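A.B. asks: Shown below is the structure under consideration.
The values are calculated or read from the model by the stated rules, or taken from the named source; none is laboratory data. Computed from a predicted structure; not experimentally measured. Note that we place each Cβ from the backbone using ideal geometry, even for glycine, and neighbour counts take in every protein chain shown. For accessibility, only protein heavy atoms count, side chains too; no ligands or nucleic acids. Shrake-Rupley method; radii C 1.70, N 1.55, O 1.52, S 1.80 Å.
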Amino acid sequence: MTVSIALFTQDLRLHDNPVLHAARAAADQVVPLFVLDPAVEAAGFAAPNRLAFLADCLADLDASLRRTGSRLIVRRGPTAEQTAGLAAETGAGTVHVAAGVSGYARRREAALLALFGDRLHVHDASVTVVPPGRVAPAGRDHYAVFTPYHRAWQQTPHRTVLGAPRVIRTPDGIGSENLAVSGPFSPSLPRGGETAARERWRRWDVDAYADVHDDLAADDTSRLSPYLHFGCLSATELTARALQRGGPGAEAFVRQLAWRDFHHQVLAARPDAAHRDYRTREDRWHRDEHEAQAWREGRTGYPIVDAGMRQLAEEGWMHNRARLLTASFLAKSLYLDWRIGAAHFLSLLVDGDVANNQLNWQWVAGTGTDTRPNRVLNPLRQADRYDPDGAYVRRWVPELAHLPGPAVHRPWMLAPEYPDPIIAPDALMVRMRAARELDAP
Ligand code: FAD
């Protein structure tokens with residue numbers, strides 16, 4: 001009887017899972033394994049919101065595996081050591097794992113390789129649609145600009161979508177651990193797991209996406225990001241299904257999935273972009289902990305910014321348009337270091353992802369891949385454009401709910417109890433521009 005290990009990481013699903021598929025093809029029996037690695041915690045990445053979501057994902061994966069005759073084995077400790085221990089215990093000959101892009105995922109893979117050598121099989125199109133490095137401009141290891149990347153991404157063949165296995169045989173008598181999580185949690189977190197993810201995808205209307213994705217009050221984007229982050233859904237399967245459906249909504253949605261791949265290929269080539277400027281502009285960031293804290297707590301005096309920050313605290317998730325304008329407010333208007341904002345997002349976002357979070361922050365801060373790094377999003381203009389009736393602000397800033405229509409965006413005269421703007425409206429653009437121009441040769 002041969003045995004293989006399917007080591008689950010950011011692919012917590014049965015459908016379209018190349019790791020599970022290959023592990024099943026390689027042996028008579030499969031040990032589905034997830035390791036709770038203290039290195040993730042040590043790196044400050046084990047935020048309570050994400051751990052709560054992960055606990056749902058693991059419970060759902062275990063329930064689905066049990067329906068195939070198998071179950072999920074959970075172990076705690078350094079991943080490579082735990083996997084080697086389990087291989088010795090079960091006589092497993094091969095280990096299958098998805099390729100990751102973060103520094104942590106690379107170290108994990110190197111440690112597994114050192115212990116398993118050619119018994120380790122790394123599957124590269126599990127997390128992204130197009131594996132990082134598969135497309136690159138001549139003489140470079142990655143694309144630094146999205147538009148040409150997107151063109152190349154569209155022209156690259158995507159792998160075939162795999163079905164979910166019906167039967168998985170697993171050796172008996174293997175011990176497993178539980179994941180205990182403790183808060184504080186955001187009060188309105190989504191439920192994790194492949195079942196919830198597939199339900200959300202079935203219920204959501206992709207056709208309207210092109211028209212509504214920037215409408216803050218409509219709140220009608222897919223909300224699939226946490227499921228994509230933990231791999232409860234495969235980006236390859238979503239892309240194939242959306243392309244099959246066709247139309248402007250599906251096309252716009254697939255473009256966003258290409259953005260996800262784009263950031264992954266940047267991080268894979270430049271893992272230090274998680275912490276260092278991708279393209280430094282030698283910023284001399286303004287320092288003010290009082291301003292940073294007002295931003296975190298949603299009391300900057302700009303209701304549209306405060307609404308976004310309060311949605312983040314309540315749901316562990318924020319609308320993309322609100323992420324853009326709250327991030328721009330921190331990094332461009334207040335001119336505080338983007339790492340301060342990125343760290344706060346990562347402490348709460350249930351979809352918090354090193355590639356997508358850090359590189360979107362860098363894009364907004366002008367240290368990343370934006371070809372117009374000096375662009376500043378004026379929060380008042382953003383509010384008028386993407387929350388024209390003020391409904392998003394009234395939803396998240398209840399103390400302003402009595403203000404009608406767009407008046408809610410400028411409460412200075414109408415709601416004297418609301419905090420004064422932390423930076424005067426006519427000074428909004430000045431700090432970053434002045435600092436960068438002073439720095440210019
Ligand atoms: P939809 O609009 O339905 O898009 C579908 C999917 O495409 C998303 O689920 C996501 O996987 C992907 N996607 C959409 N926009 C982007 C983008 N700009 N970059 C990369 N992928 C994208 N996304 C994360 O998944 N994790 C993060 O930690 C994260 N941090 C961000 C921080 C900032 C400052 C900004 C501006 C954006 C960030 N994003 C992040 C990207 C984007 O805001 C979210 O993916 C999106 O809001 C999730 O909602 P949705 O699933 O409804 O997206």
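A.B. asks: Of the residues that make up the stretch 273-289, is at least one surrounded by fewer than 21 Cβ atoms within 10 Å (Cβ to Cβ) and under 26 Å from LEU162 (Cβ atoms)?
C.D. replies: No: zero hits.
A.B. asks: If you don't mind, another one. Might you check whether a residue that is more than 24 Å from VAL212 (Cα to Cα), at pLDDT 95 or above, more than 10 Å from the ligand (Cβ to nearest atom) and crowded, with 20+ Cβ neighbours inside 10 Å occurs anywhere in the stretch 369-382?
C.D. replies: yes
A.B. asks: For the stretch 307-330, what are the residues that are open to solvent by 10 Å² or more (accessible area, probe 1.4 Å) and of a type in the set (S, T, N, Q)?
C.D. replies: Correct list: ASN320 only.
A.B. asks: Which ones in the stretch 46-74 are of a type in the set (Lys, Arg) and either more than 24 Å from GLY103 (Cβ to Cβ) or open to solvent by 30 Å² or more (accessible area, probe 1.4 Å) (or both)?
C.D. replies: Listed by number, the residues that qualify are ARG66, ARG67, ARG71.
A.B. asks: For the list (1) crowded, with 16+ Cβ neighbours inside 10 Å; (2) closer than 30 Å to LEU65 by Cα; (3) among the small types (Gly, Ala, Ser), I need the number of the one condition that GLY298 fails.
C.D. replies: (2)
A.B. asks: Moving on. Would you confirm, using the coordinates I've provided, whether GLY192 is in a loop (DSSP other than H, G, I, E, B), out of contact with any Gly (no Cβ under 6 Å at 6 or more places or on another chain) and at positive phi?
C.D. replies: The answer is no for GLY192.
A.B. asks: Something else: Is the stretch 340-355 home to any residue that is closer than 26 Å to GLU417 by Cβ and at pLDDT 95 or above?
C.D. replies: Yes, there is a match, as at least one residue in the stretch 340-355 is closer than 26 Å to GLU417 by Cβ and at pLDDT 95 or above.
A.B. asks: Checking THR147 against (1) open to solvent by less than 40 Å² (accessible area, probe 1.4 Å); (2) outside any loop (DSSP other than H, G, I, E, B); (3) of a type in the set (Val, Ile, Thr), which test does it fail?
C.D. replies: It is condition (1) that THR147 fails.
A.B. asks: For residues that are within 9 Å of the ligand (Cβ to nearest atom) and either more than 15 Å from PHE146 (Cα to Cα) or open to solvent by 50 Å² or more (accessible area, probe 1.4 Å) (or both), scanning just the stretch 254-272, find the one that is farthest from the chain's Cα centre (by Cα).
C.D. replies: Ranking the candidates gives ARG255 first.
A.B. asks: So, one more: Taking the stretch 308-321, which residues are more than 8 Å from the ligand (Cβ to nearest atom), more than 13 Å from GLN382 (Cα to Cα) and either in contact with a Leu (Cβ under 8 Å, 6 or more places away or on another chain) or assigned to a loop (DSSP other than H, G, I, E, B) (or both)?
C.D. replies: Answer for the stretch 308-321, where residues must be more than 8 Å from the ligand (Cβ to nearest atom), more than 13 Å from GLN382 (Cα to Cα) and either in contact with a Leu (Cβ under 8 Å, 6 or more places away or on another chain) or assigned to a loop (DSSP other than H, G, I, E, B) (or both): LEU312, ALA313, GLU315, GLY316.
A.B. asks: How many residues does the stretch 202-257 contain that are in a loop (DSSP other than H, G, I, E, B) and small (Gly, Ala, Ser)?
C.D. replies: 7
A.B. asks: Next up: Within the group ALA43, ALA39, ALA92, which residue is in contact (Cβ under 8 Å) with a residue 60 or more places away in the chain, crowded, with 24+ Cβ neighbours inside 10 Å and out of contact with any Gly (no Cβ under 8 Å at 6 or more places or on another chain)?
C.D. replies: ALA92
A.B. asks: Okay, next question. Any chance the stretch 51-69 includes a residue that's β-branched (Val, Ile, Thr) and either within 27 Å of the chain's Cα centre (by Cα) or part of a strand (DSSP E or B) (or both)?
C.D. replies: no
A.B. asks: Any residue in the stretch 402-414 that is over 19 Å from TYR335 (Cα atoms), assigned by TED's automatic domain parsing to the domain that holds MET309 and of a type in the set (D, E, K, R)?
C.D. replies: Yes, the conditions are met somewhere in the stretch 402-414.
A.B. asks: Another one. Scan the stretch 184-223 for residues that are free of Cβ contacts under 8 Å to residues at least 40 places away in the same chain, open to solvent by 50 Å² or more (accessible area, probe 1.4 Å) and polar (S, T, N, Q) and jot them down.
C.D. replies: Result: no residue meets the conditions.
A.B. asks: Still on this structure: Assuming ILE174 fulfils every condition listed in (1) more than 30 Å from ALA87 (Cβ to Cβ); (2) open to solvent by less than 30 Å² (accessible area, probe 1.4 Å); (3) assigned to a loop (DSSP other than H, G, I, E, B) apart from one, which condition is it?
C.D. replies: (1)
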